Amino acid sequence: MKLTRRQLVGGAGVAALSGAGIYELVDRLGSAPTRVVPAGVLPPEQHVLRGVRQVMREGVEVLVPPLHHQIVTAKLAVDPGAKSLQAAQAELEAALQRIESRYEVTPAGLGVTVAWGRPYFERHVGAVSSSYLPLDHRASAKKGKPVSALLDAIRFPSDPKETVLEANDVAVLIRSDSIEHIQDAAKELFERLDIFKVMSIRKGFAGGGFDGGQSLPKKMAVAAGLNGADLIPNDSELFLGFTSTQKAGLGPERIANLETLGYSDGGRDGYFRQGTAMHLSHIAEDLEAWYVNFDFAERAATAFRPGLKVKHGAQTVKQDAKDAVGVAENVRDYRREQRIGHSSSIQVASRLQEAVVGTDGTAYPKGTAIPQRADFNTLDNPFFWSANHERDGMKEGPSAGVHFVVFTPTSDDFHRGRLAMDGVMPDGTKLEFTPRARGQGFNSVLTTTHRQNFLVPPRRHRSFPLAELL
Ligand code: HEM
């Protein structure tokens, strides 16, 4: 049964914010796992969730992501000038505090992360942003000139030239096990306030199969009649069949903060300390090509590392700190098989190459992961709703994809990892591939349609950062 656009969206414009369309199915199909709801103070970081459940899967510690996700990107609908910006700042902060008074910052409750794009800092608070925006000391040292911790997004070697580099003022990530909690927050921020001009709405899901039974990606793919849906393992966390949230592969609590690894000092007066950088992209996935053209062994080699012994049918493959590899191993794999693995190639940038004691006093051993991924599957094509159908290439019917969200200490840190995913190593070593060649990790079945980098201020400065200084 193929779904129409109307069934997919379930209503146009702002109604789409709380309208669920096909995503209604998620709530009927998926049951929220029981969770411990910790009381206590809010984390100073906006991107950190508390009470994240940990399970053992195939002998590996895995973190259970929230079931539902929604991202809204927007431009400001506020008159220029200090007064109106500060009034909007107060309104937004009050709305966020109302939401927090209703939900714990846990998957069972709700996580809201407000991230700001370069257009906001340049156009709306330009008078003060140049002296407050944080620098990336590592990238500045490498470039021999000041480099901001927030960079414009770029097209990577495996990106098609059509990849849209977006210029939104703000992006709001909303995560929860309950679709009602997400709808309530979306209403509070985008229907009850009139300070944003919504540019896109993106929805999705992850997991749901950790307690046995069919996962949400499987159920949604089958319900939407996606090609290849029947080939997805029944309880797989994501469409492509591998667990992607093993604990060792995700940065521990504060490591992705701007300041923890010393890449940045958080800007003037430490204004952005306990903040982080966020990358947002939409990636279309060719499910059929993945399951029909790649046998299991090649899928495992592509997702993790060529030559790695992986039990047939395994979904979760241990990638502990000591298993992490560097440039030399990737060069060897490339010479031997003209192939690099998704995890193994990225690990040259996503894992600490040596032990570090963070500015938070934590000792992080060599091989510790840095990025905190919050990506989730979607049926959006490419978005649930767009204010610019043509520019965003909106198409009819559901399509397999990922809304890729990752928190890293700086934008440059993300660029280093994403370039490594294409074979361009941080030390300049280049493993030559034709863009999206079969040997280039996942890339041959992925197509990135949209990208933008954002800065996520700490909770204390999340609403219209720097506006109070105008
Ligand atoms: C559809 C797209 C993608 C899928 C299905 C996917 C899936 C996965 C999987 C299965 C893993 C192994 C998980 C684990 O070891 O726990 C992984 C690891 C990772 N992925 Fe992706 N990924 C995708 C795109 C990306 C992109 C675009 C990036 C950007 C750089 C990325 C960054 C990472 C990182 C940093 C790791 C952890 C590597 C490590 O330190 O071990 N992924 N991904």
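Quick rundown of the values:
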| read-out | value |
| --- | --- |
| Gain upon complete extension [L193, T359; 0.36 nm per residue less C-alpha separation] | 56.0 nm |
| Taking the C-alpha atoms of the stretch 324-457, convex hull volume expressed per residue in Å³ | 133 Å³ |
| Cα-centre dipole for the chain with unit charges at Cβ (Lys and Arg positive, Asp and Glu negative), debye to 20 | 580 debye |
| Carbon and sulfur %, accessible surface of the chain computed with the full protein complex present, 1.4 Å | 54 percent |
| Residues of the stretch 63-463: accessible area per residue with a 1.4 Å probe, Å² | 36 Å² |
| Cα gyration tensor shape of the stretch 63-463, rounded if a/c is under 1.5, else prolate or oblate by comparing a/b with b/c | oblate |
| In sequence order, calculated HN-Hα J values of the stretch 174-185 (Karplus, 6.51, -1.76, 1.60; Hz; x Gly/Pro) | 10, 10, 5, 7, 10, 5, 5, 4, 5, 5, 4, 5 |
| Cut-off under 5 Å, modelled amide H: who pairs with M199 long-range | T73, A74, K75 |
| Exposure ranking of V114, V41 by accessible area [1.4 Å probe, largest first] | V41, V114 |
| DSSP loop GluC sites (Glu not before Pro) with at most 12 other Cβ within 10 Å: longest gap in the chain | 163-353 |
| Exposure ranking of H342, H137 by accessible area [1.4 Å probe, largest first] | H137, H342 |
| Label-point gap, in nm, between A387 and Q86 - each point 7 angstrom along Cα→Cβ | 2.6 nm |
| Cα-based Kirkwood hydrodynamic radius, the stretch 88-131, one decimal, Å | 12.4 Å |
| Inter-probe distance in nm under a simple model that places probes 7 Å from Cα toward Cβ, at R123 and L42 | 2.7 nm |
| Computed accessible area, R391, all protein chains, 1.4 angstrom probe, square angstrom | 100 Å² |
| Residues with amide H under 5 Å from that of L135, placed H, sequence gap 5 or more | A149, D265, G266, G267 |
| Where labels lie 7 Å past Cα in the beta-carbon direction, separation of T429 and H312 in nm | 3.3 nm |
| Rg/Rh (Cα only; Kirkwood hydrodynamic radius) as it applies to the stretch 217-365 | 1.04 |
| Per-residue HN-Hα couplings for the stretch 417-424 [Karplus 6.51, -1.76, 1.60; θ = phi - 60°; Hz; x = Gly/Pro] | x, 5, 5, 4, 4, 9, x, 9 |
| Positive-end residue, the chain charge dipole about Cα centroid, Cβ charges, pick of N443, S130, A94 | N443 |
| Calculated from backbone phi, Karplus (6.51, -1.76, 1.60) coupling profile of the stretch 445-454 in Hz, x at Gly/Pro | 10, 10, 9, 7, 9, 9, 8, 7, 9, 9 |
| Size descriptor, Kirkwood hydrodynamic radius, that averages inverse alpha-carbon separations across the stretch 162-239, Å | 15.1 Å |
| Amide hydrogen neighbours beyond the local backbone of G401, cut-off 5 Å, H modeled | E285, T378 |
| Rounded accessible area of H389 (nearest 10 Å², 1.4 Å probe) | 100 Å² |
| Neighbour net charge for T73 - beta-carbon separation under 9 angstrom, K R +1, D E -1 | 0 |
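The values are calculated or read from the model by the stated rules, or taken from the named source; none is laboratory data. Keep in mind that what you see is a predicted model, and the values were worked out from it rather than measured. Here the Cβ is made from the backbone with ideal geometry for all residues, glycine too, and neighbour counts use every protein chain on show. We work out accessible area using only protein heavy atoms, side chains counted, and drop any ligands, DNA or RNA first. Shrake-Rupley method; radii C 1.70, N 1.55, O 1.52, S 1.80 Å.
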